[in-house]
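Every read-out reported here was derived from the displayed coordinates using simple, explicitly stated rules and does not represent laboratory data. As the structure is a prediction and not an experimental result, all values here were calculated from the model. For neighbour counting, all protein chains shown are included, and Cβ atoms are generated from backbone atoms with ideal geometry for every residue, glycine included.
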Amino acid sequence: MGFREFIRPEFLVLTPVLYVVGKIIKNTQKVNDRHIPLILGLSGIIFCIIYIIGKSTFDGYQDIMTGSFTALVQGLLCAGLAVYGYEFFKNERLIKKKFVSESQDKSVK
């Protein structure tokens, strides 16, 4: 199963946007790193709400609840993918650095 089975195609563009927003927030050094996933989650939900309100016609209570649920789930999934993607690439770089430094240490001996 891939993330494409869970995240709607129209919301996939939100993931790189949230990734960039997270990088900007992290580089400002004004927000604790623990709060960045929360900020991205709320931002993702808000962006999805805006999209759904703009694209949908709400005929009743059931449509409003469905739209709200969709915005909540899709926003959280996109934010989670952005945070997970950042952590994945960060850890991959650390592993490569460690592997290169270990290889250099062995060749020096």
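Descriptive notes on the structure:
- Take the convex hull of the alpha carbons in the stretch 1-70; its mean projected area over all directions comes to 5.9 nm².
- Taking other residues whose beta carbon is less than 14 angstrom from the beta carbon of V83, and scoring Lys, Arg as +1 and Asp, Glu as -1, yields +2.
- Exposure proxy shown here: for L42, L14, L77, the number of other Cβ atoms within 10 Å sets the order, fewest to most, as L42, L77, L14.
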